[in-house]
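Undergrad: One structure follows; several queries about it will come next.
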Amino acid sequence: MNNEILLLGTGTSVGIPMIGCQCEVCQSTDHRDKRLRTSAYVTYEGSAFLIDIGPDFRQQLLTHDIKNIDAILLTHPHRDHIGGFDDIRALNFLSDSKKIALYANDFTWKSLQKQFYYAFQPSDYTSLPAANYSHIDLESFNHNGIPITPIKLKHGSMPCLGFRIGNLAYITDVSEISESEFEKLKDLDVLILDSLRKTKHPSHLSLEESVEIATRINAKKTYFTHISHHMGLHSDVEKELPEHIQLGHDGLRIQF
Ligand SMILES: [Zn+2]
Ligand SMILES: [Zn+2]
Ligand SMILES: [Zn+2]
C-alpha cells in the first residue's frame, strides 16, 4: 500500500512571504521559499488523515485536489493550526452533511469551541462547520482500524500533541519533548519536526536544537517544518544539513 505524507504547509504562523516583508526569503522566487501555514495530509493503508486545519486549509485542499479526508487530527489550538475550521463546511457538503471525524484533546477542543463559538450554539443558520469530536488523551487510538499514537509535547507553556502513524511521526510546534515520549519515536522511517529559525525561541525548536533531536530520534529521513523567514533561504540552509535531515517544503510528498 502506498503510504504517504504530503506537506500542505511548512511555514510559521505568518507564512512566507510575510505580508509586506522585503527580506531575501520573502522576496525569493524559489518555490520552496513559499510556505503556507503548517499542515499535512497523510494517506495510510487506505485512510486519509489531515493534521491541523490552519488558515490556508481551503487553498491547500484546492491546490492538491484533496476531497477525501477520513479524519482530522489536531495538535493544539493556536490559530495557525485551527483557523480553517469554518472551511470544513465544504467537506460537510460533499458528504451529504455528514460530520467529519475530528480528534483532539480536551484543551484543544475547548479552545476551538471558544474561537468558533457560533458553530456550537443554537442558530437558524444552516451552514455551520460540523465535526464529530472524539476526545483523545495520550493513549493510542484507532480510526478505521489504524492505530494512531499521540506524542506529548511542550510548546512553551502550552501542551501540544504530535502523532505517530505507522513509521511516520509528525511533531510540529514543540520546544521540548519529554524523556518518556522518545520511547514512542523508535524505528521511524520518516520524522517531520518543528524547526523555526536559527536563533532560539521560547516555544519552538531552533535549527540546532532540531538537528540535535532529529539525530537522537534517528529516523531514516527527517524533514523540518513550521519554518520562519528568519531561517534563511531554503537553498542555503539545505547545504548546511546532513543528507538524511532536510528542510521540508510545501507540496513535498514523502513515502513511508
Ligand atoms: Zn521576510
Ligand atoms: Zn503553536
Ligand atoms: Zn504553529
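The values are calculated or read from the model by the stated rules, or taken from the named source; none is laboratory data. As the structure is a computational prediction, the values presented were derived from the model and not from experiment. Neighbour counts run over all protein chains shown; Cβ positions are idealised from the backbone, glycine included. We work out accessible area using only protein heavy atoms, side chains counted, and drop any ligands, DNA or RNA first. Shrake-Rupley method; radii C 1.70, N 1.55, O 1.52, S 1.80 Å.
Undergrad: Leaving out ligands and nucleic acids, and using a 1.4 Å probe, what accessible area per residue does segment 4-255 come to in Å²?
TA: Value for segment 4-255: 45 Å² per residue.
Undergrad: Helix 207-217 versus the longest principal axis of the chain: what angle, 0 to 90°, nearest 10, using Cα atoms?
TA: The angle comes out near 80 degrees.
Undergrad: In terms of Cα to Cα distance under 19 Å, which lysines are near enough to residue 152, apart from those fewer than 8 places away along the same chain?
TA: 110, 184, 186
Undergrad: Using square roots of five times the C-alpha gyration tensor eigenvalues, list the equivalent-ellipsoid semi-axes of segment 109-256 in whole Å, biggest first.
TA: On the way: eigenvalues 183, 75, 48 Å².
So the equivalent ellipsoid measures 30, 19, 15 Å along its semi-axes.
Undergrad: So which aspartates and glutamates can residue 154 reach, going by Cα to Cα under 13 Å and dropping same-chain residues fewer than 8 places off?
TA: Those aspartates and glutamates meeting the cut-off are 173, 176, 179, 181, 194.
Undergrad: Ok, one more. Carbon and sulfur together cover what percent of the accessible area of the chain at a 1.4 Å probe radius?
TA: On the way: 5780 of 11720 Å².
Answer for the chain: carbon and sulfur cover 49 percent of the accessible area.
Undergrad: Report the Cα centroid-to-centroid distance between segment 171-228 and segment 118-143 in angstrom, as an integer.
TA: 29
Undergrad: Also: Given all pairs of different Cα atoms, what value in angstroms does the Kirkwood hydrodynamic radius of the chain take?
TA: 18.4
Undergrad: Mind checking the angle between helix 106-115 and the chain's longest principal axis? C-alpha axes, 0 to 90 degrees, to the nearest 10.
TA: That helix lies at roughly 70 degrees to the long axis.
Undergrad: Would you mind checking the radius of gyration and Dmax of segment 1-90 based on alpha-carbon positions, in Å?
TA: That works out to 13.8, 44 Å for Rg and Dmax.
Undergrad: Any idea what the relative contact order of segment 4-255 is, in percent, if you count C-alpha pairs under 8 Å spaced at least 6 apart? Could you put the intermediate results ahead of the total?
TA: Working: 543 pairs, mean separation 49.4, N = 252.
Computed over segment 4-255, the figure is 20 percent.
Undergrad: Could you sort 235-242, 144-151, 5-12 so that the peptide with the highest average Cβ count within 10 Å comes first and the rest follow in order?
TA: 5-12, 144-151, 235-242
Undergrad: Also: Kindly rank 157-170, 15-28 from highest to lowest mean number of other beta carbons found within 10 Å of each residue.
TA: Packing proxy ranking, top to bottom: 157-170, 15-28.
Undergrad: When DSSP beta bridges are limited to those with both residues in the chain, what percentage is antiparallel, rounded to the nearest 5?
TA: 55
Undergrad: By a straight-distance test (C-alpha under 20 Å), which lysines pair with residue 98 as possible cross-link partners, with residues fewer than eight away in the same chain excluded?
TA: 67
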